[in-house]
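Heads up: the structure comes next, in structure tokens.
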Amino acid sequence: ISVKIPPKKNNVAPASAEELTMKNLDNFVRRIGYAMLTTREKNGTLHSRPMHIEAMQSDESLLLFTKANFQKAQELERYPQVSLSYIGKEGSPCIAIAGKAHLLRDSAKMKVLWKPLYRAWFPKGLPR
């Protein structure tokens, strides 16, 4: 999944007064690693689940791994508006990001980002 962060700052809400730049957002995302991804179900119900953020790309989009046939993938294809919420440890900021998501099928990128942990969801290895 690729979540594109729009260029306007009002879609990223930090819980501290610190000036938020894409560089310190990237550092924060790398430090925390996990976010709550919220999508919308067919009946309008919001559905949140923890997701590991793989990388922040130079175009300011965040990458996450999932299977194309998982419910979250179907939800974001129907309603691409999503939210990612990060909660830092004590004294760290909390950040909520609103953006548009889409399924990205890039086998070369998946190969670079692959971790053995993902065998739990991809027992046969990377999808072809």
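Using a probe radius of 1.4 angstrom, the carbon and sulfur fraction of the accessible surface of segment 73-122 is 58%.
Probing with 1.4 Å while keeping every protein chain in the model, the per residue accessible area of segment 33-82 equals 51 Å². For Trp121, the solvent-accessible surface with a 1.4 Å probe is about 130 Å², rounded to the nearest 10. Based on alpha-carbon atoms, the Kirkwood radius and the radius of gyration of segment 28-76 give Rg/Rh equal to 1.01. Our coupling estimate for segment 48-61, obtained by passing each phi through the Karplus curve with A = 6.51, B = -1.76, C = 1.60 and θ = phi - 60°, is 10, 8, x, 9, 7, 8, 7, 6, 10, 8, 5, 8, 6, 10 Hz, Gly and Pro reported as x. According to the Cα-based calculation, Rg over Rh for segment 34-120 is 0.96, with Rh computed by the Kirkwood formula.
Using a 1.4 Å probe and counting only protein heavy atoms, arrange Thr39, Thr45, Thr66 so the residue with the most accessible area comes first.
The residues order as Thr45, Thr66, Thr39, largest area first.
Ligands, DNA and RNA excluded, the heavy atoms of His52 present near 50 Å² of accessible surface to a 1.4 Å solvent probe.
The values are calculated or read from the model by the stated rules, or taken from the named source; none is laboratory data. Quantities reported herein were computed from a predicted structural model and do not represent experimental measurements. Surface accessibility is based on the protein's heavy atoms, side chains included, excluding ligands, DNA and RNA. Shrake-Rupley method; radii C 1.70, N 1.55, O 1.52, S 1.80 Å.
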